[in-house]
1. What value, in deg cm²/dmol to 500, does the helix sum -39500 (n - 2.57) over DSSP H runs of n ≥ 4 give at 222 nm once divided by the residues of the chain?
2. Give the separation of the Cα centroids, the stretch 303-352 to the stretch 136-197, in Å.
3. Over the chain, average the accessible area per residue using a 1.4 Å probe and give it in Å², no decimals.
4. How high is the FRET efficiency from Gln376 to Glu269, r the C-beta distance, R0 22 Å, rounded to 0.05?
5. May I ask you to list the aspartates and glutamates whose Cα is less than 17 Å away from that of Lys393, ignoring any residue fewer than eight positions away on the same chain?
6. What is the magnitude of the charge dipole of the stretch 87-144 about its Cα centre, with +1 placed on the Cβ of each Lys and Arg, -1 on the Cβ of each Asp and Glu, and no other charges, expressed in debye to the nearest 20?
7. Within 10 Å, count the other beta carbons around each residue, average over each peptide in 123-135, 330-342, 285-297, and list them highest first.
8. Working from the pairwise distances between different alpha carbons, so that the mean of 1/r is found and then inverted, what is the chain's Kirkwood radius in Å?
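The values are calculated or read from the model by the stated rules, or taken from the named source; none is laboratory data. Owing to the predicted nature of the structure, the values given are computational and were not obtained by experimental measurement. Ideal geometry is used to build each Cβ from the backbone, glycine not excepted, and the neighbour counts take in all protein chains shown. When the accessible area is computed, the model is the full protein with side chains, heavy atoms only, and any ligands, DNA or RNA have been set aside. Shrake-Rupley method; radii C 1.70, N 1.55, O 1.52, S 1.80 Å.
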Amino acid sequence: MFSSAIRRRLFVLCSNGFYHKGTKFAPLAKIPSFGMTNTKTRMTAHFMTEATNAINEHEISELMNVWPALLHDLINTDYYLDLPDVSKWMVKSLQYNVLHGRKRRALTLIRTYKMFTPQEKLTNENIHLAHILGWCMELLQAFLLVIDDIQDKSQIRRNQPCWYLFDDIGLAAINDGFMMEHTIYQILKLYFKEKEYYIDLVELFHEYILKTTIGQCLDLLSTNFGKTANLDVFTMDRYNSIIKNKTACYAFVLPVKLAMCAANVKDPELHRQVEALLLEIGHFYQIQDDYLDCYGDTKIIGKNSTDIQEGKCTWLIVSALQRVTPEQRKILEECYGSEDLEKVRRVKNLYDDLDLPNAYSIYEKETYDLIMAHIQQLPNSLPQNFFSDILRKIYHRKS
């Protein structure tokens, strides 16, 4: 097992955009490659992908089957009694914002629960509750995106107008976001109040929502609130702090910890090791997101590219700042954070001149191998194949 110090520094990138020179991993050439190396392997991967897609469709179908009854229970409570306008609006808001995602977090939670729960306890009731808890993760994702889109002035989310732009809703969408968040606690009370782990679930949501909002605050501070970007604060340390809190904690750590909690896994060392690994995977995921925002297909990723215009602290801009000449830095100081399309084009051209797409490809491959090596060193009490599958599902992703 890697020491905690090494794990913490796994993704601290150095001046060349890759790994901190202080890490003590073996040279990358000595780490076994987990990439596709020949035709037979690629064919095997293709068939595995087809099988996985079929499984995903079945799991999503099972999850969707739970939604109508859950929505009915939510609306038919004292909170909405004699308030038909509010209940109707809430249904509209939930249907629009919650149902159209890939449900990656919910499925991860459900799979984790099944992985850690003894077979005799995988009753229909318990599996149903796991699906309910999965919907809590999807509600959390929806509420965060609704607020984030307003703050970032985004236009498109999941291939449809952002909620605040739909039907001239405007800033009223902020209140809808709050209602979605508190719907999580309404669900927990309705379905889990009698469970011994009920308070643990509530506290996990409180803890990770706080971490996410802290990460969002740091992200917004880094953009200088829409004013001229201060490139001096765009350091890799700051970037790592943003994505750890804003993305990795809630999107990767939280669903697994919720499932382990429901499965009565209490060993603090197992929780620590799982969290350390998932933070690494979450870090990897966000760097992919940064790359896709600039180089991905808008129709595939389901949202418009805005990081350059918003002056976001991303892996691309931080890596660029580590490579630029003084003359190239002047271009970034003039253009980064501007909505002028010509200035956006100049920033993208500079990324190409600095060979950042190739740097990203190298980073993605080497980081994938490093995390796979970490997974192989997990203790037998943790399901290595399960975590490998999480990583494989996001490797080379296009959305």
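1. -21500 deg cm²/dmol
2. Cα centroid to Cα centroid, the span is 31 Å.
3. 48 Å²
4. Using R0 = 22 Å, I get an efficiency of 0.75.
5. Glu50, Glu57, Glu59, Glu280, Asp289, Glu364, Glu366, Asp369
6. 260 debye
7. 285-297, 123-135, 330-342
8. For the chain, inverting the mean 1/r across all distinct Cα pairs yields 22.5 Å.
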